[in-house]
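Asker: Before I ask anything, here is the structure I am working with.
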Amino acid sequence: MKNRYICIMIQMICRYIVEALRALADWLMPSWCPVCGDKLVKSSTGICVACKLRLPVIPRYGDMEDNSMARLFWGLVPVEKAQTIFEYRPGNEVSAIVEEMKYHGVYEIGIEMGRMSAQRLVGRGFFDGVDMIIPVPLTKSRKRWRGYNQAEMISNGLAEVTAIPVSTGNLVRKRFHGSQTRLSAVERGENVKNCFDVTRPEELRGKHVLLVDDVLTTGATLRECCMSLADRVGDVRVSVFTLCRA
Ligand SMILES: [Zn+2]
């Protein structure tokens, strides 16, 4: 009885110490919301609650097979389901998040956005039958330069909610011809032509994979990934997801 009492006391003291250390870390190294600049409270992950509620969601994203994103692939590459969640406009909340994620090393925000997206889609059957999540890859040198692949961070967030495994290193990017940002639709298509390869096609044969990217513009990058999967794997079903659409 006495030993049990001592154990409970020790557990309580440990809990107080952990709480005190957390509070000290918060005080010494506060985190800020990348969208509004307010200090984040302990329970916030990446973005403050007010900004989360303000994020511009694309209206009527519920139809999986027929929506404006899915139509970018029709007649070009077979895609089963296509979804994007947020609207990207220069200067809006989503553009601030993408900028933090891509250029300021805040990879945690990608994971959180992935989690939030999955929570919106999981009840709608979007992930039903998907065997594997594949983030659109960066070249090795580009990934080294950034320290991580933002599409992989979003994928990790999706995987946390859905428990679908993330596959990296199988779909690879052979070349990077510079940013797509300032290119026209035709130039974007040319820029990513034959950029991707599949190193272990047998692992994907007969599977349903979900390709994941951060921003959808013309769909050229995702189409090129689909073509590479079709060429190298053949028997593979593909769905596509992007965090936002420009
Ligand atoms: Zn905020």
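Asker: Under a Cβ-only charge scheme (Lys and Arg +1, Asp and Glu -1), can you give me the dipole magnitude of the chain about the Cα centre, in debye to the nearest 20?
Answerer: Magnitude of the dipole: close to 540 debye.
Asker: Please state the relative contact order of the chain as a whole percent: Cα pairs under 8 Å, 6+ residues apart?
Answerer: 20
Asker: Once you sort the root eigenvalues of the Cα gyration tensor of the stretch 96-143 as a ≥ b ≥ c, which label holds: rounded (a/c under 1.5), prolate (a/b larger than b/c) or oblate (the other case)?
Answerer: Oblate shape, in that a/c is at least 1.5 and b/c is the bigger or equal ratio.
Asker: What is the antiparallel percent of DSSP beta bridges lying wholly in the chain, to the nearest 5?
Answerer: 20
Asker: Report, by chain and number, residues whose modeled amide H sits under 5 Å from the one on Phe196, excluding near sequence neighbours (fewer than 5 apart, same chain).
Answerer: Lys174
Asker: Let me ask something else. Just going by the charge dipole of the chain, with Lys and Arg at +1 and Asp and Glu at -1 on Cβ, which of Cys7, Leu121, Val236 is farthest out on the positive end?
Answerer: Toward the positive end, the furthest listed residue is Cys7.
Asker: Oh, and also: What are the ³J(HN,Hα) values, in whole Hz, obtained from phi via the Karplus relation 6.51 cos²θ - 1.76 cosθ + 1.60 with θ = phi - 60°, for each residue of the stretch 78-91 in sequence order, with x given for Gly and Pro?
Answerer: Coupling constants for the stretch 78-91: x, 10, 6, 10, 9, 9, 9, 10, 10, 9, 9, 10, x, x Hz.
Asker: Which pairs in the list Lys81/Lys174; Lys102/Lys143; Lys81/Lys143; Lys140/Lys193 are over 22 Å apart, alpha-carbon to alpha-carbon?
Answerer: Lys81/Lys174; Lys81/Lys143
Asker: Another question, if that's okay. Length gain on complete extension for the stretch Arg146 to Arg71, per 0.36 nm per residue less the alpha carbon to alpha carbon distance?
Answerer: Full extension of this stretch gives 23.8 nm more.
Asker: Residue by residue, what Karplus-based ³J(HN,Hα) values in Hz, rounded to whole numbers, does the stretch 170-175 have, using 6.51, -1.76 and 1.60 with θ = phi - 60° and x for Gly and Pro?
Answerer: Per residue, the Karplus-derived 3J(HN,Hα) values read 9, 7, 10, 9, 7, 9 Hz.
Asker: Between Met132 and residues 5 or more places away or on another chain, which pairs have amide H atoms under 5 Å apart, with H built 1.01 Å from N, and which residues are they?
Answerer: His208, Leu210
Asker: Name the shape class, rounded, prolate or oblate, that the alpha-carbon gyration tensor gives for the stretch 196-246, where a ≥ b ≥ c are the square roots of its eigenvalues, rounded holds for a/c under 1.5, and otherwise prolate holds if a/b is larger than b/c and oblate otherwise.
Answerer: Prolate is the answer for the stretch 196-246, as a/c is 1.5 or above and a/b outweighs b/c.
Asker: Taking every pair of distinct Cα atoms and averaging 1/r, then inverting, what Kirkwood hydrodynamic radius in Å comes out for the chain?
Answerer: 19.6
Asker: Rounded, prolate or oblate: pick one for the stretch 41-127, where a ≥ b ≥ c are the square roots of the eigenvalues of its C-alpha gyration tensor, a/c under 1.5 means rounded, and failing that, prolate if a/b is larger than b/c, else oblate.
Answerer: Because a/c hits 1.5 or more and a/b exceeds b/c, the stretch 41-127 counts as prolate.
Asker: In the chain, which Cys residues have no partner Cys with a Cβ closer than 4.7 Å?
Answerer: Cysteines lacking a close Cβ partner in the chain: Cys7, Cys14, Cys36, Cys51, Cys195, Cys225, Cys226, Cys244.
Asker: Something else: For Trp32, put the label point 7 Å out on the Cα→Cβ axis and report which residues of the stretch 79-119 keep their amide N under 19 Å from it.
Answerer: 91-110
Asker: In Å², and per residue, what accessible area does the chain have when probed at 1.4 Å with the other protein chains present?
Answerer: In whole numbers, the chain has 54 Å² accessible per residue.
Asker: Still on this structure, please answer the following. Roughly how tilted is helix 108-121, in degrees to the nearest 10 and between 0 and 90, from the longest Cα axis of the chain?
Answerer: Between helix and principal axis, roughly 70 degrees.
The values are calculated or read from the model by the stated rules, or taken from the named source; none is laboratory data. Predicted model only: the values in this text are computed from it and were never measured. Positions of Cβ are generated from backbone atoms using ideal geometry, with glycine treated the same way; all protein chains shown enter the neighbour counts. Accessible surface is based on the protein model in full, side chains and every heavy atom, while ligands, DNA and RNA are left aside. Shrake-Rupley method; radii C 1.70, N 1.55, O 1.52, S 1.80 Å.
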